[in-house]
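Data first, discussion second: the structure below is written as structure tokens.
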Amino acid sequence: MTTLEVQGVSVNFGGRMALTDVDFGAVAGTVTGLIGPNGAGKTTLFNVICGLQAPTAGRIAIDGVDVTRLPPFKRARRGLARTFQRLELFGLLTVRENIYLGASVAKRPQPDAVTAGLIDQLGLSAVGDERTDRLPTGQARVVELARALATNPKVLLLDEPASGQDERETAAFRIVLQQVAEEGVAIVLVEHDVQLVMDVCSAIHVLDLGNVLASGSPAQVQQDPAVLAAYLGSVPHE
Ligand SMILES: Nc1ncnc2c1ncn2[C@@H]1O[C@H](COP(=O)(O)OP(=O)(O)O)[C@@H](O)[C@H]1O
Ligand SMILES: [Mg+2]
């Protein structure tokens, strides 16, 4: 079943269409890629899905329930979690405290155990007691992912989670992403690392100037002439 459904979403910023009639979906147990050049509307679509930006038109459903009019915290209760392109950690709190907050906000029965488990799974043991404003970006992104996972989400939106990560961190991130998908979470991945997207996503949607240019498997999207022209900045050879 489609866990997240986005139907006919448009966003108009004072006459400028950031999104035009966008249809999009994410299925439990899979990673769905959302790619496109800067300014395409990817972050705006995430903001609409999580309720930080009201759409001019369209509908959002989680597990078949219309959440279009719900505030962000009620969508979170229905299983929606996200990370931010510009990190939004509590900088003065430690890694452990940030993750614990995710677990306790979601009223997980044993927030301590949830936190300890995630610190272990995501390789954060060495920095558990560090303040998050002292971490390098790559590691801070892992903490944001851990905090999102601590809420036990059904739908997880990741906005450029690998940016600022080195190769080793990205390799570890890729494994975690696959583990989380296997646990049944519907993941949406916004990412500029095209190789990562092609490797982990079962479906990819390409946005350009607020329009869905193409949707399909990684192989289909990679061969789409409109995608090659707009996103990769080249035209296919005859
Ligand atoms: N709050 C806002 N007010 C006005 N314009 C915005 C706002 N947020 C984003 N935009 C514009 O909407 C377009 C899409 O931006 P964004 O969703 O951030 O794209 P992406 O994440 O794909 O780079 C851009 O032209 C951006 O300048
Ligand atoms: Mg963005």
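The values are calculated or read from the model by the stated rules, or taken from the named source; none is laboratory data. This structure is a prediction, so every number in the text was calculated from the model and none was measured. Virtual Cβ from ideal backbone geometry, glycine too; neighbours counted across all protein chains shown. These area figures cover heavy atoms from the full protein model, side chains too; ligands, DNA and RNA do not enter into them. Shrake-Rupley method; radii C 1.70, N 1.55, O 1.52, S 1.80 Å.
Observations
- Quotient of Cα Rg and 2.2 N^0.38 Å for the chain, N being how many residues it contains: 1.00
- Reference-scaled alpha-carbon Rg (2.2 N^0.38 Å with N residues) for region 88-152: 0.96
- Centroid-to-centroid, using Cα positions, region 1-57 and region 159-216 are 15 Å apart.
- Net charge of Cβ neighbours under 15 Å - reference Gln85; Lys, Arg +1; Asp, Glu -1: -2
- Ranked by the mean number of other Cβ atoms within 10 Å of their residues, highest first, the peptides 137-146, 98-107 fall in the order 137-146, 98-107.
- Added length on full extension, which subtracts the Cα-Cα distance from 0.36 nm per residue, Gln178 to Met17: 54.6 nm
- Note on Asn152/Asp129: beta-carbon distance plugged into 1/(1 + (r/R0)^6) with R0 of 25 Å gives a FRET efficiency of 0.55.
- Once the 1.4 Å probe is applied to the protein heavy atoms, region 88-152 comes out at 51 Å² accessible per residue.
- 12 Å Cα-Cα reach of Lys42 towards aspartates and glutamates, excluding residues that sit fewer than 8 places from it in its own chain: Asp159, Glu160, Glu191, Asp208
- For the chain, the share of accessible area belonging to carbon and sulfur comes to 51 percent (1.4 Å probe, ligands and nucleic acids excluded).
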